[in-house]
1. For the range B:255-302, which residues satisfy the criterion of being surrounded by fewer than 19 Cβ atoms within 10 Å (Cβ to Cβ), in contact (Cβ under 8 Å) with a residue 60 or more places away in the chain and small (Gly, Ala, Ser)?
2. Can B:Leu95 be described as of a type outside the set (Ser, Thr, Tyr) and within 14 Å of chain C (Cβ to nearest Cβ)?
3. For the condition without any contact (Cβ under 8 Å) to a residue 60 or more places away in the chain, in a helix (DSSP H, G or I), farther than 30 Å from C:Phe369 by Cα and under 30 Å from the mean Cα position of the chain (by Cα), what is the one hit in C:Leu473, C:Leu488, C:Leu478?
4. Of everything in the range C:27-38 that's in contact (Cβ under 8 Å) with a residue 60 or more places away in the chain and closer than 18 Å to C:Ala15 by Cα, which residue is surrounded by the fewest Cβ atoms within 10 Å (Cβ to Cβ)?
5. Take the residues of the range C:174-199 that are in contact (Cβ under 8 Å) with a residue 40 or more places away in the chain and surrounded by fewer than 17 Cβ atoms within 10 Å (Cβ to Cβ): which is nearest to the chain's Cα centre (by Cα)?
6. Looking at B:Ser258, B:Ser271 in this structure, which one is among the polar types (S, T, N, Q), farther than 24 Å from B:Asp52 by Cβ and touching a Pro at 6+ places or on another chain (Cβ under 6 Å)?
7. Among the residues of the range C:6-62, what is the count of those that are closer than 30 Å to C:Lys117 by Cα and not aromatic (Phe, Trp, Tyr)?
8. Please note which helices (runs of 4 or more DSSP H) are completely contained in the range B:1-68 and include at least 2 residues that are under 21 Å from B:Val156 (Cβ atoms) and of a type outside the set (A, V, I, L, M, F, W, C).
Amino acid sequence: MDELLEILNDINPDADYETNEHLVDDEILTSFELVMLVTQIRDVLDVSIPSEAIIPENFNSVKAMMRLIGRLKEDE
Amino acid sequence: MRWKKPACVLLLAAVGVTVIAGLQRLLMPKYMGQVVEGNFTSEYYEETTPHDVLFLGNCEVYENISPIVLWREFGITSYIRGNAQQLIAQSYYLLEDTLKYETPGVVVFNVSAMQQFDQDNESYNRMTLDGMRWSASKWNAIRTTMMEDEHIIEYVFPILRFHSRFAELEADDLTYFMKSGKVAHNGYYLRADIRPAGDLPVERRRSDYSFDSRSWEYLERIRALCENNGIQLVLMKAPSLYPAWYDQWEIQIEEYASEHNLLYINCLEASDEIGIDFATDTYDAGLHMNVYGAEKMARYFGPILLGLPGVYDRRGTASEGIDLDSVWQEKCDFYDQMKASQEEEFAKLGYIKQFYIQ
Amino acid sequence: MIMSLVSYEFLAFFAAAAILYYVVPKRFQWIMLLAVSFLFYAGGGAVYLLYPMITAVSTWFLALRIGRVDSAAQTYIQEQKPDKEQKKAYQAQIRKQKKRLMTTGILLNFGILVVLKYTDFLLGNLHVLLGPEEGAVPQISWVLPLGISYYTFQTMGYLIDVFRGRYRPEKNLFRFMLFVTYFPQMVSGPISRFDQLRKELFEEHPFDGTQFTFGLWRVLWGFFKKLVIADRIAPAVATITAAPDVYDGIYVLVGMLGYTLQLYADFSGCMDIVIGVSQCFGIRLPENFQRPFGAKNLSEFWRRWHMTLTGWFREYIFFPVSTSRFCRAVSRLAGRLGMKKVTKKLPVYIANLIVWFVTGIWHGAAWGFILWGLANGIVMMVSQELTELYRAFHRRFPQTDGSVYGAFQKVRTGLLFSGLLMFQYYPFGTVFAMLGNLLATGRLSQLFDGRFAELGLTAADFIVLAIGLLLMLLISILQETGSVRQKLAARPLVVRFAAVFLLFVTVLVAGCYGHGYNASQFIYNQF
């Protein structure tokens, strides 16, 4: 969780990640940022997110991202 | 209050239709300026009394013969249903249209339209067809003669065609909003200016002198329609020097006339006999007659027409209770007055303002 | 010729289709839509129907095969209960099978698109490469079925989605054909997704007066944008953009803005007609525009302009490419070479350039379009690089969050988008010269030097255009707080009538249609 927040703050520091649940819909995370995020998650957390999982529902909130990461880890 | 909403809807619909109809009327050309030909077709429906003779054709009829002189000097009641570049199919459907209102004794058809079956200028179609009252004849006339980029719905709702005029509306559009102005004399287009015939372009030789088969088809339809209605059909060729009337064409028409036992009068050949002087009797250098030429034509045609069955000297008689003399007196006055004013203007200026192209 | 959406024929066709649609039993409605879609498309000749049929049948078949592989795999796992290692190996093998099927479909269908649309472009370039003295390379000029870029993309999106297991493939070939050929959207989009369009197309739609009226209002609004605005500026814009030698200085700017307005009014008007017609059938299509001129930067602009296309590129090219093994390898290589800063961004930028190259060539088989696409991509990368700077700037000057600065951003973004469009219409390589010319010699006084009169715009044209643009702006502003049609519907009958009737009369009278105007095709039909 903390690692993820660090990555997020590194990508765009201008957002309140703990509470915002519309990160993609509010365009805080645009496609550029999403890809950087996915790359970082892979490099830092060692979880590779397939491109078809890059949909707003999975990235609108930190909670959703954690869920996604958890699910992918399980599948490994 | 159950009726209130439907009533409101109906009222608004009525307002909407009225506004659009008004706009359409406003936007349609009034043809009261330099070009008046767009009024000819509709003027016919103002007639209150029948005619013994109906002339059909293009500019070679509506500028070349004076129905007023035919009446004044011979007592012949006649009407010209002719328009600029009126195609033979349009003549046929205008004849059909006319037969809904009256059955003349004689129809005179000018054969120059045989040479070209298809329209080459959309505005001629509009001038000929827009004035027609709605009927199957109008529909068929449009379908047969409209150009490739024309659309029948633009005839049903002319605003679709003329809406672009919104930027060029003029005083005439308001003046003649309610009622069109009267411009012709029983279909005759009066011009009292003079421009002598000069050098005309040399006609090219053609590779093929045979008429379009569709032209023949419609000539045949005109003939059959006349025959079925007991009308005597007469063919004529007006005394226009240009566009040329080739001998090869003349032969074909002569053959057709004799085959069907029709009278064919070639006024171009008879122009000496008629007394036409191309130095004084044409207003556009030999293409069309002015009023002097048209009156000579009427004097030539009068006795011929009187010799045909169904054509009578109607002076001093009445038709369905309407006194013909007084109806025609009004026409004569209008004619004399227009002729006099044009003559005066031409004498003073050397041209007539209304028709002067700057 | 397939009929234009702004023709008498189309209105008659639409009216007849709508009557039939609501007359037939509800469960046949989709069949009726398929029939009229075939009729619509076959209007241009049988060949126009041939290509979409190849695409529809091949994709339908391959997607079904993918679905069958999936089902078989599921049964296998359920029944055989393999251990983790076995399962992984098995799944990899299944994925390979599915990928082969998907690749076949993609190669076939994009192959058709490439051959039909780009053969002449490729041959032309070959000609230049070989040297003109080598003699002429023949041009083929295929019959290009209208809308091929749209339906190919939509259909390939479906195939990829099925491959990804997003939804089950459609079993019924005819239903699938309707998805490919649904006539309002086939010719110029919007590019829909199967899972969204499916329920719209195949549900039963009882007649809904409000939806129908709203649909018609929207169609009317589309006609207004297309006929009153786009087609009225079109000739002047064409004159300016075709003669850069004559129309230089301030006219570069005039042409730029005119071209943008024309493009917007034309394309978004077309979408209003398409979506409105569809709404009359009770079928919701995705939006393609969301007031793009309210965007504050170029990438936001592109999220609001031709949204279904950019969405397609994002989902099916940008994300897969940027997370691909290739991009990972390149960025790792950069990391090893000590370029720590770019490692993170490299995958994004590679994918970005690829997307914009494809966007360019999607719009037209010409270098101008490719350059235009790449220029957009480069501008976005530069602005991404400057993000840090912007953020610092805003922190230092918090007043820049105000509406004045916001307005400045919007104008800047609009100008940027317009300016980049110059790549589309100016000859190859002259864009910077024209821009320089504008900046160096552009004077407002040039508007009165006689060249303007040559554009053929009359005083009436200006009045109509001014009113039209104001109205378009007003509607956009109203839209920000919700559906304009719903607002209108809440007003009394007389107000509703007056508003719609006035709009109708304006289109009727001031629209550029019929005799005397050159019937012009929608710009976005040509793809």
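1. Selection gives B:Ala279, B:Ala285.
2. no
3. Of the residues listed, the single one that is without any contact (Cβ under 8 Å) to a residue 60 or more places away in the chain, in a helix (DSSP H, G or I), farther than 30 Å from C:Phe369 by Cα and under 30 Å from the mean Cα position of the chain (by Cα) is C:Leu478.
4. C:Ile31
5. So the residue we want is C:Gln196.
6. B:Ser271 is the lone residue from the list that is among the polar types (S, T, N, Q), farther than 24 Å from B:Asp52 by Cβ and touching a Pro at 6+ places or on another chain (Cβ under 6 Å).
7. The qualifying residues number 27.
8. Counting at least 2 such residues, we get B:4-27, B:40-43.
The values are calculated or read from the model by the stated rules, or taken from the named source; none is laboratory data. The model shown is predicted, which means the values in this text are computed figures rather than measured ones. Every residue, glycine among them, receives a Cβ derived from its backbone with ideal geometry; neighbour counts consider all protein chains shown.
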